[in-house]
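The values are calculated or read from the model by the stated rules, or taken from the named source; none is laboratory data. Predicted model, so just to flag it, every value in this text is computed and none were measured. Positions of Cβ are backbone-derived with ideal geometry, glycine not excepted, and every protein chain shown enters the neighbour counts. SASA here: full protein model, heavy atoms, side chains in, ligands and nucleic acids out. Shrake-Rupley method; radii C 1.70, N 1.55, O 1.52, S 1.80 Å.
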Amino acid sequence: MKIPRHVFFATALFVALALPGTAGASSSFPQGAQSDTAYAASYLANHVRTVDATAQRLSCYRPEVPYFTSNGPVDGYTGMTSCPGATTGEDVGTTPYATQAGSNPGYPAATPMEVKDHSESDIRVDPTNPRHLIGSSKWFVSAEGYNHLLGFYESFDGGSTWPVQGHVPGYEGWTDNTDPVGAFDGYGNYYEFVLPYQFFYDAGGSHDYKTNTNQEPNAAQAAEVVSVSVRPHGATAAGQWITTRGGKPDIVAAYDSRGNEPDKQWIAIDSNPASPHYNRVYLMWVDFHSPTPVPYISYADAHADGSHTDWSSPARLPTGNMQPGGNTYLLPHVAPDGTLYTTLTAAPVTNGHATDTIGVDVSTDGGASFTGPAIVASAITPPGATYANTTFRDGIENTFTVGPVTVNGHYPLYTSWEDYSSGVTNILVSTSTDGGQTWSAPIQVNDNASPADEFQPNLNAAADGTVSVAFYDRRLACPASGSSEATAAGLSLDTVNPNYTGALPPYGAANYCVNSSIQFYSPALAPKGHNIRISPHSWDPQLNSPHSSSAGRPTTFIGDYFGNSTVGSTSVTTSVSTFDDGTNPHHYQQQIIAFTPVP
């Protein structure tokens with residue numbers, strides 16, 4: 001996510017949801033509470049294993065805009081660093097990239113820079129080869145300046161090793177590429193839906209988004225675009241991507257006028273051979289239009305060689321009475337019969353964005369037309385802009401998926417969301433078995449016995465219909481002073497935090513350090529056991545956390561997304577950690593892959 005005027009929506013979209021037409025409906029807690037001791041032990045008890053994917057290679061690229069401010073040594077920050085020698089085999093930009101031609105004086109950076117941090121998480125499984133996985137995240141060369149492209153990490157052995165990594169090429173001529181999300185087509189080609197945008201740093205270090213070709217870093221490129229890079233089936237080298245169509249960047253829509261800002265893009269590909277729209281690529285995003293967000297769709301049909309047909313003209317999605325506040329968080333998913341669904345989330349202007357609504361749009365003709373939205377939940381009450389005790393802001397409030405096995409003649413829909421009605425964030429989940437027209441009473445996902453923030457859920461449905469909700473979890477206290485866990489967590493670096501009133505470093509602090517968790521359900525949302533800890537160690541979210549507006553402002557970032565997929569009978573997730581397991585001595589944000597047997 002980029003942070004110009006959108007910030008009002010990011011702060012408004014934290015939730016306490018209710019059933020349609022109700023406010024403050026309570027949720028049940030079917031699996032009962034779990035003690036912190038049992039939760040902490042559940043990693044080993046459930047035979048979870050983890051791999052630090054992004055610590056395995058050193059990536060570099062030449063950024064369009066250099067920014068050398070360092071906030072260190074507090075929180076481990078080190079600023080921007082020249083490339084010490086990449087081990088990825090990618091094009092590091094020894095000479096400027098093609099899209100950097102035409103840059104204004106002073107741009108791009110003089111040399112390639114080292115990628116240090118990896119916020120946000122997405123992971124996908126190749127339908128032609130379940131041992132082939134691609135994850136993506138933000139690829140930061142400056143956490144203080146929020147300066148990044150998108151990067152990827154790839155495994156050919158089911159996730160044990162990640163030998164191919166690097167930045168996603170093709171759009172280096174913009175300051176940032178953001179919001180990692182990808183999908184495989186039925187041929188095994190991987191599509192990354194990219195959001196490149198320009199900004200420069202003003203005298204105070206804040207991001208300036210002026211749409212003026214004399215002030216933008218790159219006068220030859222549009223201010224902001226939504227676009228695609230394709231990694232063709234069989235690619236093995238970091239630079240093997242298709243980034244152009246007709247000799248130009250594969251841009252779906254471009255925005256050059258002030259007051260039009262695309263954001264929150266998402267992708268789904270129909271990879272079911274029985275579907276009438278097999279291999280259709282669906283792209284959705286919102287245009288924050290002064291500043292009301294308006295949702296759009298475009299689509300094309302994939303070819304076996306990694307090419308595709310022309311993108312359809314962007315079309316607005318129906319928003320019904322949700323429209324007054326705009327709609328964002330589009331999460332398209334395709335049912336096995338080819339029906340396309342997406343959620344929309346709205347914060348009406350008429351009530352000052354004080355409450356939110358989630359709805360679902362449906363297309364049965366391959367995205368040509370939609371009905372909806374049917375309301376999933378309304379009367380949503382958001383909490384504050386950042387989480388208690390820490391400076392990081394939350395990400396996307398809700399998640400959505402479609403089950404692969406019919407129930408009552410329909411493929412079940414699942415929506416999970418954050419609920420702040422109790423003063424901490426809990427996670428709720430609900431299902432619809434009639435195409436989204438009605439939804440079950442929400443149940444609480446997290447089973448912590450004492451209040452703590454649980455946030456950023458991501459849903460997945462396995463081939464047998466088993467549903468999982470993965471999320472970040474703050475129930476366990478930070479490690480104690482003098483412990484080996486505290487040393488490896490880097491807590492001694494955490495000495496300045498304007499949002500924490502306790503003693504620093506935060507040894508033993510409650511509702512502060514972070515873990516990752518998952519909960520499994522039957523297709524009918526009967527819980528399969530308790531929450532499972534899928535991170536082996538608690539980590540400190542303050543360390544090397546990117547500053548989303550400027551180096552001098554306290555709001556930081558761990559990501560909007562949490563990756564969640566399934567390979568056979570194993571759940572595969574990817575999420576952030578700053579813990580040093582022996583491969584992360586600088587406590588950078590790394591992508592941790594967790595493998596959990598599906599019960």
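For this structure, a couple of remarks:
- Exactly one residue out of Y97, Y107 is touching a helix residue (DSSP H, G or I) at 6+ places or on another chain (Cβ under 9 Å) and either at pLDDT 95 or above or of a type in the set (S, T, Y) (or both): that is Y107.
- Selection from the stretch 412-436 of residues that are aliphatic (A, V, I, L, M) and in contact with a Pro (Cβ under 9 Å, 6 or more places away or on another chain): V424, I427, L428, V429
- Among (1) closer than 21 Å to D337 by Cβ; (2) in a loop (DSSP other than H, G, I, E, B); (3) touching a residue at least 12 places away in the same chain (Cβ under 8 Å), the one test that D365 misses: (3)
- When restricted to residues that are under 27 Å from S484 (Cα atoms) and either touching a Cys at 6+ places or on another chain (Cβ under 6 Å) or in a loop (DSSP other than H, G, I, E, B) (or both), the stretch 560-590 contains 12.
- Selection of the stretch 548-579 for residues being more than 22 Å from R49 (Cβ to Cβ), in contact with a Phe, Trp or Tyr (Cβ under 6 Å, 6 or more places away or on another chain) and not hydrophobic (A, V, I, L, M, F, W, C) yields S548, T556.
- Contact annotation: residue pairs with Cβ atoms under 7 Å, 6 or more positions apart or on different chains, pairing a residue in the stretch 102-119 that is closer than 17 Å to F199 by Cβ and assigned to a strand (DSSP E or B) with a partner that is acidic (D, E) and open to solvent by less than 10 Å² (accessible area, probe 1.4 Å), are S103/E64.
- Leading residue by the ranking (nearest to E90 (Cα to Cα)) among those in the stretch 116-170 that are open to solvent by 10 Å² or more (accessible area, probe 1.4 Å) and among the aliphatic types (A, V, I, L, M): V164
- A single entry from T99, T95, T69 fulfils the requirement of being under 20 Å from A238 (Cβ atoms) and part of a loop (DSSP other than H, G, I, E, B): T95.
- Tabulated pairs, the stretch 213-226, first of a type in the set (G, A, S), second crowded, with 23+ Cβ neighbours inside 10 Å, C-beta under 6 angstrom, 6+ apart or interchain: A223/Q198
- Tally of residues being open to solvent by 30 Å² or more (accessible area, probe 1.4 Å), outside any loop (DSSP other than H, G, I, E, B) and modelled with pLDDT of 50 or more across the stretch 1-42: 6
- If the condition is being over 20 Å from the mean Cα position of the chain (by Cα), open to solvent by less than 20 Å² (accessible area, probe 1.4 Å) and at pLDDT 80 or above, then the stretch 379-404 contributes only G403.
- Residue in the stretch 308-324 that is in contact with a helix residue (DSSP H, G or I) (Cβ under 8 Å, 6 or more places away or on another chain), touching a residue at least 12 places away in the same chain (Cβ under 8 Å) and either of a type in the set (V, I, T) or on the phi < 0 side of the Ramachandran plot (or both) present: yes
- Any chance Y420 is open to solvent by less than 10 Å² (accessible area, probe 1.4 Å), closer than 25 Å to N389 by Cα and among the hydroxyl-bearing types (S, T, Y): no
- Matching option when the condition is farther than 16 Å from G182 by Cα, open to solvent by less than 30 Å² (accessible area, probe 1.4 Å), among the β-branched types (V, I, T) and within 21 Å of the chain's Cα centre (by Cα), among V230, V281, V225: V225
- Where a residue in the stretch 187-208 is free of Cβ contacts under 8 Å to residues at least 12 places away in the same chain and open to solvent by 20 Å² or more (accessible area, probe 1.4 Å) and its partner, wherever it lies, is outside any strand (DSSP E or B) and of a type in the set (S, T, N, Q), with Cβ under 8 Å and at least six apart: D208/Q215
- Residue match in the stretch 500-521 (condition: among the small types (G, A, S), in contact with an Asp or Glu (Cβ under 8 Å, 6 or more places away or on another chain) and modelled with pLDDT of 95 or more): yes
- In the set (1) part of a strand (DSSP E or B); (2) over 19 Å from V402 (Cα atoms); (3) open to solvent by less than 40 Å² (accessible area, probe 1.4 Å), the condition left unmet by Y296 is number (3).
- Where a residue in the stretch 583-596 is under 14 Å from S119 (Cα atoms) and its partner, wherever it lies, is part of a loop (DSSP other than H, G, I, E, B) and aromatic (F, W, Y), with Cβ under 9 Å and at least six apart: H587/F579; Q590/F579; Q591/W162; I592/F579; I593/W162
- Lone unmet requirement of (1) within 22 Å of the chain's Cα centre (by Cα); (2) farther than 24 Å from V362 by Cα for Y296: (2)
- From the list D356, D361, the one residue that fits, being open to solvent by less than 10 Å² (accessible area, probe 1.4 Å) and at pLDDT below 95, is D356.
- Residue within the stretch 513-522 that is more than 30 Å from T433 (Cβ to Cβ) and over 26 Å from the mean Cα position of the chain (by Cα) present: no
- For the stretch 381-406, the set of residues classified as assigned to a strand (DSSP E or B) and over 23 Å from Y521 (Cβ atoms) consists of T386, F392, R393, listed by residue number.
- Of all residues in the stretch 209-222 being hydroxyl-bearing (S, T, Y) and buried (at least 16 other Cβ atoms within 10 Å of the Cβ), the one that is nearest to I134 (Cα to Cα): Y209
- Being touching an Asp or Glu at 6+ places or on another chain (Cβ under 6 Å), among the small types (G, A, S) and assigned to a loop (DSSP other than H, G, I, E, B) is a condition met by at least one residue of the stretch 129-145.
- Of the set (1) assigned to a strand (DSSP E or B); (2) crowded, with 19+ Cβ neighbours inside 10 Å; (3) of a type outside the set (V, I, T), all apply to D301 but (2).
- Any hit, the stretch 477-498, residues being in contact with a strand residue (DSSP E or B) (Cβ under 8 Å, 6 or more places away or on another chain) and assigned to a loop (DSSP other than H, G, I, E, B): no
- Among residues of the stretch 428-449 that are part of a strand (DSSP E or B), those with a Cβ under 7 angstrom from a residue that is among the basic types (K, R) and modelled with pLDDT of 95 or more, sequence gap 6+ or separate chain, pair up as N448/R475.
- Evaluating Q100 against the criteria (1) closer than 21 Å to T244 by Cα; (2) open to solvent by less than 50 Å² (accessible area, probe 1.4 Å); (3) in contact with a Ser or Thr (Cβ under 8 Å, 6 or more places away or on another chain) leaves one unmet condition, (3).
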